[in-house]
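Only one structure is covered here, and it is reproduced in the block below.
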Amino acid sequence: MILAAAIVFPIAVGLWLLAAGRTLTRAAAWGLSVAVASGALVLTVAAIATDSAVDRPWVDRLGLSLALGIDGISAPLLVLTAAVGVLVTVLARSHLPEGGAPSTYLGAVLLATGGALATFAARDAILFFVAFELVLIPVWLLIHRFGDSRDEAARRDAGLRFVLFTVTGSVLMLVGILTLVTAAGTSRLDELVTAGADLPLGTQTLVAALLTIGLAVKVPVFPLHTWLPAAHTTAPTGGSVILAAVLLKMGTYGLVRLPLASVPDGFARVAPLLAVLAVVGILWGGLVCLVEPEAKRLIAYSSVAHMGFVVLGLASGTVVGVQAALIGNIAHGVVSALLFVVVGGLKERWGAVRLDAPLPALREYAPRLGFVLILGLAAGLGLPGLAGFWGEVAAVYSAWVSDLGPGSLLKVCAALAALGAVLAAAYTLRVARLLWVGEAAVPADPPGASETVGAERAVLAVLVVATVAIGLVPHLVWSVTLADVTAVMGR
């Protein structure tokens, strides 16, 4: 029951903090949350090491079960989720947003962590949906309640967009899951891999279209991405980290588990269009980043571009493409978390980080923070030796060698995606020039241009190590995922 404990522990404590933890002091709430998140990480690693699983009846009349398990596809995402939960709770020591009691914020973080762990461990399609929806509630709370207190209208707009888009995606996903489960006669993901593949092509195509559109909202895929920049811009630093490193990964994981694995022939018919939209997102995100004046919003649009590479890999329908998507997921989670911690910290110090106004030169006033920023930007543009490189290169290659789609459609997509990498280099240099090099007109001792301190420094150190480690040793991820990816794609 180790896996069940890793999931139930943060959910139970998170709910208690939300419901009855207001009497706790800030120090007590923080200490409890760090202890629970750390325990969840230890239990998650132990569950992976021992191949822990749970299979208990849930709703007998419908044939549903509480089935939880771990394989090579879910294991890296479980570790990422649990680790992010620890980092966000630790970061709350120095970055605790206004808007409510500390216990409310920390409870939402723990609830989102536990729900995401349940999502990645679910081995039943209905349980996957329920766990997915559980995560949306605390994430909405982080955006709507603890978002930027200086712009209440923007905070409400971001919360409303998040609800409208994600609920619409959830409805489509639920209809697709119910159609698949009814036609296949089972809701267990392991059985759907074979039962779904035997369905008529028309049914497979319908299910694949519903699931792909529903999950594309969560990723998000262009043009269903407009909720993400607003959410990132107003969310607190910890909320942005959870959004980028956890919530978006649930969308791409769902694409692997449901349409790609369960209805492969139907997914093959919608994959070319998905690849085209992914490439449009790569190019659109890059072009917007060239002119976007708000730093957090720029990172949000860069996430749309980076997740486009992940989706392109999945749409290629190849083992290499799925491998590229999985390592791209992990890399984006680490790198985006690093950048949001840096920029979010600067926003708290300065009130705003706008690239259309003179900014302090971080290389002079905060050299350690400036180094971390440059490392994150370099990883984001796909510099060899850092985390972002492998997923993007392998995704472009997988699209080039794929035989899906009419004519040379995916080869064109691969070429345009490579152009997107050039755009990434351009907007990265723009941010580095304006924020790292800075402007000469800034006073000699600008207010708030301080180095990282305490918890922020510890969190950034972990993310820097992870960024370099994944870049230098990609088999940390690929050696875990390869066998299960090959098995799924082979079936």
> With (1) in a helix (DSSP H, G or I); (2) out of contact with any strand residue (DSSP E or B) (no Cβ under 6 Å at 6 or more places or on another chain); (3) among the hydrophobic types (A, V, I, L, M, F, W, C) as the list, and ALA131 as the residue in question, which single condition is left unmet?
Replying inline: (2)
>> Which pairs turn up if I take residues in region 2-24 that are under 29 Å from ASP51 (Cα atoms) and look for partners that are surrounded by fewer than 16 Cβ atoms within 10 Å (Cβ to Cβ) and not aliphatic (A, V, I, L, M) with beta carbon separation below 7 Å, at least 6 apart in sequence or on another chain?
In response: ILE2/THR50
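For region 186-195, state whether one or more residues are hydroxyl-bearing (Ser, Thr, Tyr), modelled with pLDDT under 90 and loosely packed, with under 15 Cβ neighbours inside 10 Å. Steps first, answer last, please.
Filtering region 186-195 down to residues hydroxyl-bearing (Ser, Thr, Tyr) leaves 186-187, 194.
So of that shortlist, the ones also modelled with pLDDT under 90 come out as 186-187, 194.
Cutting the leftovers down to loosely packed, with under 15 Cβ neighbours inside 10 Å gives us 194.
Within region 186-195, one or more residues are hydroxyl-bearing (Ser, Thr, Tyr), modelled with pLDDT under 90 and loosely packed, with under 15 Cβ neighbours inside 10 Å.
When you scan region 199-304 for helices (runs of 4 or more DSSP H) that lie fully inside it, which ones turn up with 1 or more residues that are of a type in the set (D, E, K, R) and touching a His at 6+ places or on another chain (Cβ under 9 Å)? Don't jump to the end; show me each part of the working.
Details: elements: 201-218, 227-234, 237-242, 248-255, 264-289.
In region 199-304, 248-255 are the helices (runs of 4 or more DSSP H) which contain 1 or more residues that are of a type in the set (D, E, K, R) and touching a His at 6+ places or on another chain (Cβ under 9 Å).
Conditions (1) assigned to a helix (DSSP H, G or I); (2) over 26 Å from VAL485 (Cβ atoms); (3) within 21 Å of the chain's Cα centre (by Cα), marked per residue:
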residue: LEU3; (1), (2), (3): yes, no, no
residue: LEU15; (1), (2), (3): yes, yes, no
residue: THR44; (1), (2), (3): yes, no, yes
residue: ALA67; (1), (2), (3): no, no, no
residue: LEU77; (1), (2), (3): yes, no, yes
residue: TYR105; (1), (2), (3): yes, yes, yes
residue: THR113; (1), (2), (3): yes, no, yes
>> It is to be established whether one or more residues within region 29-48 are surrounded by fewer than 24 Cβ atoms within 10 Å (Cβ to Cβ) and either among the charged types (D, E, K, R) or in contact with a strand residue (DSSP E or B) (Cβ under 9 Å, 6 or more places away or on another chain) (or both).
In response: no
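Among the residues of region 458-491, count how many are polar (S, T, N, Q) and either surrounded by fewer than 20 Cβ atoms within 10 Å (Cβ to Cβ) or touching a Cys at 6+ places or on another chain (Cβ under 6 Å) (or both). If you could, list the steps in order and put the result at the bottom.
So the first thing to find is which residues in region 458-491 are polar (S, T, N, Q), and the list is 467, 479, 481, 486.
Still in the running and either surrounded by fewer than 20 Cβ atoms within 10 Å (Cβ to Cβ) or touching a Cys at 6+ places or on another chain (Cβ under 6 Å) (or both): 479, 486.
Final tally of qualifying residues: 2.
Among the candidates THR119, THR113, single out the residue that is within 24 Å of SER303 (Cα to Cα) and out of contact with any Phe, Trp or Tyr (no Cβ under 6 Å at 6 or more places or on another chain). Walk me through it before giving the result.
Numbers: THR119 fails: out of contact with any Phe, Trp or Tyr (no Cβ under 6 Å at 6 or more places or on another chain).
Within the list THR119, THR113, the selection yields THR113.
Run down GLY391, GLY405 and say which single residue is buried (at least 16 other Cβ atoms within 10 Å of the Cβ), among the small types (Gly, Ala, Ser) and either without any contact (Cβ under 8 Å) to a residue 40 or more places away in the chain or outside any helix (DSSP H, G or I) (or both).
On the way: GLY391 fails: either without any contact (Cβ under 8 Å) to a residue 40 or more places away in the chain or outside any helix (DSSP H, G or I) (or both).
Matching residue, one of GLY391, GLY405: GLY405.
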>> I need the full set of residues from region 368-382 which are over 20 Å from the mean Cα position of the chain (by Cα) and in contact (Cβ under 8 Å) with a residue 12 or more places away in the chain, in order please.
In response: ARG368, LEU369, GLY370, VAL372, ILE374
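Of the residues ALA337, ALA315, only one is surrounded by 24 or more Cβ atoms within 10 Å (Cβ to Cβ), closer than 21 Å to PRO220 by Cα and either under 17 Å from the mean Cα position of the chain (by Cα) or modelled with pLDDT under 90 (or both); which?
Checking each option against the conditions leaves just ALA337.
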> What do you reckon, is THR237 farther than 25 Å from THR318 by Cβ, of a type in the set (Val, Ile, Thr) and in contact with a helix residue (DSSP H, G or I) (Cβ under 6 Å, 6 or more places away or on another chain)?
Replying inline: yes
> List the pairs whose first member sits in region 328-353 and is within 15 Å of GLY382 (Cβ to Cβ), whose second member is crowded, with 24+ Cβ neighbours inside 10 Å and acidic (Asp, Glu), and whose Cβ atoms are under 8 Å apart, counting only residues at least 6 apart or on separate chains?
Replying inline: GLY328/GLU392
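Here's the yes/no breakdown for (1) within 22 Å of the chain's Cα centre (by Cα); (2) modelled with pLDDT of 90 or more:
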| position | (1), (2) |
| --- | --- |
| ALA184 | no, no |
| ALA216 | yes, yes |
| VAL219 | yes, no |
| ALA230 | yes, no |
| MET250 | yes, yes |
| ALA275 | yes, yes |
| VAL280 | yes, yes |
> THR182 is checked against (1) hydroxyl-bearing (Ser, Thr, Tyr); (2) free of Cβ contacts under 8 Å to residues at least 60 places away in the same chain; (3) surrounded by 22 or more Cβ atoms within 10 Å (Cβ to Cβ) and fails just one. What number does that condition carry?
Replying inline: (3)
> Can you tell me which residues in region 348-379 are closer than 17 Å to LYS296 by Cβ, of a type in the set (Lys, Arg) and touching an Asp or Glu at 6+ places or on another chain (Cβ under 7 Å)?
Replying inline: ARG354
>> Looking at (1) crowded, with 16+ Cβ neighbours inside 10 Å; (2) within 19 Å of ASP265 (Cα to Cα); (3) not acidic (Asp, Glu), which one does ALA158 not meet, given that it meets all the others?
In response: (2)
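The values are calculated or read from the model by the stated rules, or taken from the named source; none is laboratory data. Because the structure is a prediction, the values reported are computed rather than measured. When we count neighbours, we look across all protein chains shown, and the Cβ atoms used for this are built from the backbone with ideal geometry, even at glycine.
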